[in-house]
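**Student:** The following block contains the structure, expressed as structure tokens.
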Amino acid sequence: MKILANDGIAPDGKAALEKAGFEVITEKVPQDKLHEVIGSYDVLVVRSATKVNKQVMASPGNLKLVVRAGVGLDNVDAAFAKEKGIDVANTPNSSTLSVAELVFAHLSGAVRFLYDANRQMPVNGKKDFNTLKKKYSEGRELRGKTLGILGFGRIGQEVGKIAISLGMKVIAYDPFVKSVKLVFSHLPFSPSPTLEITTGTFEEVLADSDFITLHLPHTAGEPPLIGEEEINRMKNKAGIVNAARGGVIDEAALIKALESGKISFAALDVFENEPDVNEDLLKAANISLSPHIAASTVEGQERIGLEVAKVIIERMKN
């Protein structure tokens, strides 16, 4: 059986599939050509770049399984796949820690203005050292602050554990999660400490958080979860982090809030239109940016590759 890993796959995952008897092709097929060749493959593996839409699956041929190597299925038309008799799966567990750590890379840097200092120091650090020192000398500590987590699934919970370990207060909203027992298994204690978190309302998280991080899905065409009205209900000078999905935040409203000072900073790993990102957003003040890399660590990709292999072997060999 042939597998097309159109956005690549980690070597360990590829090796596991080949050991199980699969032929794995990693040469990328352009999006506009994918529908022409997809019927010759039994399995299609994608990350975020490849869109598995109706055009791709219209004449599926041998295609029996689509695997999204990551969390969510935003770039896979799962309903149409079902109509065509194509199974769909993802790998929700493997990138959890990678994403959570990037949230705190952004958050820790943002409260100390590192996103701007890293731009200014190479250019002006020699002649304006004391000026820059004064400019960046009013940072904030994370300990004692309230982190609001919108979306309290696997990633949201991992973010919560890191926040609590740093001495932050955590409040959360999730329409499907009422209460969660966090297990701090990464700490060197036996038994592992636990903490029960009861989620609150969306409105409470907006109003009571010093910083908000987003971990909810978004479907193209739906209105943003965070728009001008929601921003106005947030604390003055709050910060916001989005390492979930582009489109969750109204980017025009965010730019306006950054310019007015309502929001002290934003940290974004995902964008409404990728890779054609809004240039005004890229040039906005008080913003920390990364190019959709939250899940892209060496360790995370290794775990994803092995989870992809496990899913394919279980579904295609049974």
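**Student:** What is the calculated FRET efficiency for Ala285 to Val183, with r their C-beta to C-beta distance and R₀ = 51 Å, to the nearest 0.05? It would help to have the intermediate numbers written out before the result.
**Tutor:** On the way: r = 40 Å, r/R0 = 0.78.
E(calc), rounded to 0.05, equals 0.80.
**Student:** Additional query: Over the chain, what is the relative contact order in whole percent, taking alpha-carbon pairs under 8 Å and six or more residues apart? If you can, show how the numbers build up before the last one.
**Tutor:** Details: 597 pairs, mean separation 56.2, N = 318.
That works out to 18 percent.
**Student:** Follow-up. Starting from the Cα of Lys178, draw a straight line to each of the lysines and keep only those under 25 Å, dropping any in the same chain fewer than 8 residues away.
**Tutor:** Within the straight-line cut-off, Lys178 pairs with Lys145, Lys161, Lys169, Lys235.
**Student:** Loop-only check: which trypsin sites (Lys or Arg not before Pro) in the stretch 242-318 are DSSP coil with at most 15 other Cβ within 10 angstrom? It would help to have the intermediate numbers written out before the result.
**Tutor:** On the way: sites: Arg245, Lys256, Lys262, Lys283, Arg303, Lys310, Arg315, Lys317; in loops: Arg245, Lys262, Lys283.
When the trypsin sites (Lys or Arg not before Pro) of the stretch 242-318 are filtered for loop state and at most 15 Cβ neighbours within 10 Å, Lys283 remain.
**Student:** Pairs of Cα atoms under 8 Å, at least six residues apart: use those to get the relative contact order of the stretch 121-279, whole percent. It would help to have the intermediate numbers written out before the result.
**Tutor:** Details: 269 pairs, mean separation 28.6, N = 159.
Relative contact order for the stretch 121-279 comes out at 18 percent.
**Student:** May I ask for log10 I(q)/I(0) of the stretch 1-117 at q = 0.10, 0.13, 0.17, 0.20 Å⁻¹, from a Debye sum over the Cα atoms as equal point scatterers with solvent left out?
**Tutor:** The Debye formula, applied to the Cα set alone, gives -0.37, -0.57, -0.82, -1.04.
**Student:** Same structure, new question: [x] 1.01; [y] 1.26; [z] 1.09: which one is Cα Rg over 2.2 N^0.38 Å as calculated from this entry?
**Tutor:** Recomputing Cα Rg over 2.2 N^0.38 Å here gives the entry labelled [z].
**Student:** Sticking with this structure for a sec: Report the gain in length on full extension from Glu141 to Glu274: 0.36 nm times residue separation, minus Cα-Cα distance, nm rounded to one decimal.
**Tutor:** Numbers: separation 133, 0.36 × 133 = 47.88 nm, distance 3.24 nm.
Contour length minus the Cα-Cα distance gives 44.6 nm.
**Student:** Between Ala267 and residues 5 or more places away or on another chain, which pairs have amide H atoms under 5 Å apart, with H built 1.01 Å from N, and which residues are they?
**Tutor:** Under 5 Å from the amide H of Ala267: Ile240, Val241, Asn242, Ser288.
**Student:** Select from the stretch 152-189 those chymotrypsin sites (Phe, Trp or Tyr not before Pro) which occupy a DSSP coil region and have at most 11 other Cβ atoms within 10 Å, ordered by residue number. Display every interim value, and only then the final one.
**Tutor:** On the way: sites: Phe152, Tyr173, Phe176, Phe184, Phe189; in loops: Phe152, Phe176, Phe184, Phe189.
Here the sparse-neighbourhood loop sites are Phe176, Phe189.
**Student:** While we're on this one: Of all DSSP beta bridges in the chain, what percent run antiparallel (nearest 5)?
**Tutor:** Details: 5 of 42 bridges.
Here the share of antiparallel DSSP bridges comes out near 10 percent.
**Student:** Name the longest site-free stretch of the chain, where the excluded sites are GluC sites (Glu not before Pro) in a DSSP loop with no more than 13 other beta-carbon atoms within 10 Å. Spell out each step's value before the answer.
**Tutor:** Values: sites that count: Glu27, Glu138, Glu141.
In short, 142-318.
**Student:** In the full protein assembly as shown, how much of Asp74 is accessible to a 1.4 Å probe, in Å² to the nearest 10?
**Tutor:** 80
**Student:** Suppose R0 equals 22 Å. What FRET efficiency, 1/(1 + (r/R0)^6) with r the Cβ-Cβ distance, do Glu83 and Lys317 give to the nearest 0.05?
**Tutor:** Details: r = 25 Å, r/R0 = 1.13.
Efficiency, rounded to the nearest 0.05: 0.30.
**Student:** Next up: For the chain, what is the calculated [θ] at 222 nm in deg cm²/dmol (nearest 500), taking -39500 (n - 2.57) for each run of four or more DSSP H residues and dividing by its residue count? Don't jump to the answer; show the numbers that get you there.
**Tutor:** Numbers: 13 runs with 114 residues, N = 318.
-10000 deg cm²/dmol, from helical runs alone.
**Student:** Separate question: Considering the dipole of the stretch 151-232 built from charges on the beta carbon (Lys and Arg +1, Asp and Glu -1) around the Cα centre, which of Val170, Ser185, Gln157 is farthest to its positive end?
**Tutor:** Ser185
**Student:** Work out the length of the dipole vector of the chain about its Cα centre, built from +1 on the beta-carbon of each Lys and Arg and -1 on the beta-carbon of each Asp and Glu, and round it to the nearest 20 debye. Walk me through the intermediate numbers first.
**Tutor:** On the way: 38 positive and 41 negative charges, 169 e Å.
Dipole magnitude for the chain comes out near 820 debye.
**Student:** Mind checking the dipole of the stretch 7-95: about its Cα centre, +1 per Lys or Arg Cβ, -1 per Asp or Glu Cβ, Debye to the nearest 20? All intermediate terms of the calculation are to be shown ahead of the outcome.
**Tutor:** Values: 11 positive and 12 negative charges, 26 e Å.
My answer is approximately 120 debye.
**Student:** Set the bar at 23 Å for Cα to Cα. Now go through Lys82/Lys181; Lys28/Lys283; Lys2/Lys51 and name every pair that lies beyond it.
**Tutor:** With Cα atoms farther than 23 Å apart: Lys82/Lys181; Lys28/Lys283.
**Student:** Separate question: Identify which of Val308, Val177, Val159 has the largest mean-square fluctuation in a Gaussian network model of the chain, with springs joining Cα atoms closer than 10 Å.
**Tutor:** Val177
**Student:** Could you tell me whether the stretch 105-230 comes out rounded, prolate or oblate from its Cα gyration tensor? Rule is a ≥ b ≥ c as square roots of the eigenvalues, rounded for a/c under 1.5, then prolate if a/b exceeds b/c, otherwise oblate. Could you put the intermediate results ahead of the total?
**Tutor:** On the way: a/c = 2.55, a/b = 1.51, b/c = 1.70.
Oblate is the answer for the stretch 105-230, as a/c is 1.5 or above yet b/c matches or exceeds a/b.
**Student:** Let me ask you something else. In the stretch 169-242, what percentage of the DSSP-assigned beta bridges are antiparallel, given to the nearest 5?
**Tutor:** Numbers: 5 of 9 bridges.
About 55 percent, rounded to the nearest 5.
**Student:** Taking loop as defined by DSSP and a crowding limit of 13 other beta carbons within 10 Å, which trypsin sites (Lys or Arg not before Pro) in the stretch 107-209 fit? Please list the in-between numbers first.
**Tutor:** Working: sites: Arg112, Arg119, Lys126, Lys127, Lys133, Lys134, Lys135, Arg140, Arg143, Lys145, Arg154, Lys161, Lys169, Lys178, Lys181; in loops: Arg112, Lys126, Lys127, Arg140, Arg143, Lys145, Lys178.
Here the trypsin sites (Lys or Arg not before Pro) that fit, given the DSSP loop and packing criteria, are Lys126, Lys127, Arg143, Lys178.
**Student:** With unit charges on the beta carbons (Lys and Arg positive, Asp and Glu negative) and the dipole taken about the Cα centre of the chain, which residue among Gly8, Val45, Gly139 sits farthest to the positive side?
**Tutor:** Gly139
The values are calculated or read from the model by the stated rules, or taken from the named source; none is laboratory data. Only a predicted model underlies this, so the values are computations on that prediction, with no experimental measurement involved. Glycine also receives a Cβ, built like all others from the backbone with ideal geometry; neighbour counts cover every protein chain displayed. Each accessible area value is taken on the protein alone, full model and side chains, heavy atoms only, with ligands, DNA and RNA left out. Shrake-Rupley method; radii C 1.70, N 1.55, O 1.52, S 1.80 Å.
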